[in-house]
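For reference, the structure discussed in these notes is given below.
The values are calculated or read from the model by the stated rules, or taken from the named source; none is laboratory data. Predicted model only: the values in this text are computed from it and were never measured. Here Cβ is always computed from backbone atoms with ideal geometry, including for glycine, and neighbour counts include all displayed protein chains.
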Amino acid sequence: MPGARTSRFAQHHDLELCAQAVTGERAAFGELVRRHGSAVRGLMRRMGAEAAEADDVAQDAFLAAFERIAEFRGEGTFAAWVKRIAARLYLRRLQRERRLAPLVEAPEAAVAADAADRLIDLDDGLKALSPVERLCVSLCFGAGLSHGEAAEALNLPLGTVKSHVKRGLEKLRTRLAPVGRSALQGSRRDG
Amino acid sequence: MAELDFERRLERLFAEPPAYADDEAFAARIERRLDRGWTARRLLIGSAGVVGGVIGASQMFASNLPHRMAAAQGSARALSSGLTQTEPAQWMSTLPSGGVVVWIAIGAAIVLIGFVLTRVIEEI
């Protein structure tokens, strides 16, 4: 990324950085944030959070990850681990603020007529889903949760989650641009 | 098959991180938060250790220490006079006795209290 600061840890593998972070090396963890921050922030937005809230939750997720870094065993990728933490934090926030139930019951978003006809990227495609479909698809395909884990996190029956995922995928399949034409690829979004 | 292909594609799309203009600022903000938290924690642990040590020491002095030391010296004298009538092992003769033991115990107790407090706070 142009203008990005290069740290002395730039050449280190994620696992090496995690090992250094376990010893309290904050700069090593900072490099992990630099590498995966946008992925976690992006997931929060794809789950439906506004930009400021997405950044808040992503920040809390990274701070929580630093506190629990010794628990990360390297079984998956570091990014996947933080994404799961962030997804759960976001759902917990929605539950705490009593915003989850209205989302689950909310009707599908109205898609503008022209948007329904044209091929769009993932972020625009997700906006065409109902909030709960969007959450379910993002949890399962973005945060890497199983259907069962998503059902537990959303406090919904497993069958309901599977239905939401299926409907969400059907809608996305008809709307997403074919491979190679996705506007998402290489795109740059405003913070 | 087409469904599986689409699901794989979707996973790939989700895995492609969008680039935000303020990525660097976001990382710097978190690093600042970590540094702040670390400094606060070190101060807290350090001050808790000092406070714990001072409380431990004051408790020992408040518990009639001079009298206990005198009693310990008396006991040590009685013990050593008894020991002269026995055949002590080599290592026993090197042990300190009387007031020295009390001071060593006080020092060890202060270090132990500080260590325990530090560990407890770190766990919290």
*asked:* Quick check on this structure: which one of B:G82, B:G49 is more than 9 Å from chain A (Cβ to nearest Cβ) and touching a Gly at 6+ places or on another chain (Cβ under 9 Å)?
replied: B:G49
_Quick test of your reading of the structure: B:I55 fulfils all but one of (1) within 14 Å of chain A (Cβ to nearest Cβ); (2) out of contact with any helix residue (DSSP H, G or I) (no Cβ under 6 Å at 6 or more places or on another chain); (3) at pLDDT 80 or above. Name the failing condition by number._
(1)
*When you go through A:L126, A:L154 one by one, which is the residue that is touching a residue at least 24 places away in the same chain (Cβ under 8 Å) and within 12 Å of another protein chain (Cβ to nearest Cβ)?*
A:L126
_Only listed residue being surrounded by fewer than 16 Cβ atoms within 10 Å (Cβ to Cβ), in contact (Cβ under 8 Å) with a residue 24 or more places away in the chain and either assigned by TED's automatic domain parsing to the domain that holds A:L122 or out of contact with any Pro (no Cβ under 6 Å at 6 or more places or on another chain) (or both), chosen from A:A61, A:A79, A:A70_ = A:A70
*Filter region A:25-45 down to residues that are of a type in the set (K, R) and at the interface with another protein chain (Cβ under 7 Å from one of its Cβ atoms), then give me how many there are.*
3
*Only residues in region B:38-49 that are under 19 Å from A:T23 (Cβ atoms) count as the first member; pair them with residues that are modelled with pLDDT of 75 or more and assigned to a helix (DSSP H, G or I), Cβ under 7 angstrom, at least 6 apart or cross-chain, and list the lot.*
B:W38/A:R26; B:I45/B:T118
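Let's see how each residue does on (1) within 22 Å of A:L135 (Cβ to Cβ); (2) of a type in the set (V, I, T); (3) in contact with a Lys or Arg (Cβ under 7 Å, 6 or more places away or on another chain):
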position	(1), (2), (3)
A:R26	no, no, no
A:V33	no, yes, no
A:R41	yes, no, no
A:R45	yes, no, no
A:A49	yes, no, no
A:A61	yes, no, no
*Name, by its number, the condition in (1) of a type outside the set (D, E); (2) more than 13 Å from chain B (Cβ to nearest Cβ); (3) surrounded by fewer than 24 Cβ atoms within 10 Å (Cβ to Cβ) that does not hold for A:L135.*
(3)
*asked:* Taking the conditions exactly as written (buried (at least 21 other Cβ atoms within 10 Å of the Cβ), of a type in the set (S, T, N, Q) and within 11 Å of chain B (Cβ to nearest Cβ)), does A:S7 satisfy them or not?
replied: no
*Residue match in region A:85-100 (condition: over 19 Å from A:E149 (Cβ atoms), in contact with a helix residue (DSSP H, G or I) (Cβ under 8 Å, 6 or more places away or on another chain), part of a helix (DSSP H, G or I) and among the small types (G, A, S))*: no
*Would you check which residues across region B:100-120 are within 20 Å of B:A70 (Cα to Cα) and among the β-branched types (V, I, T) and list them?*
B:V100, B:V101, B:V102, B:I104, B:I106
*Can you tell me which residues in region B:8-31 are more than 7 Å from chain A (Cβ to nearest Cβ) and not basic (K, R)?*
B:A15, B:A25, B:A28
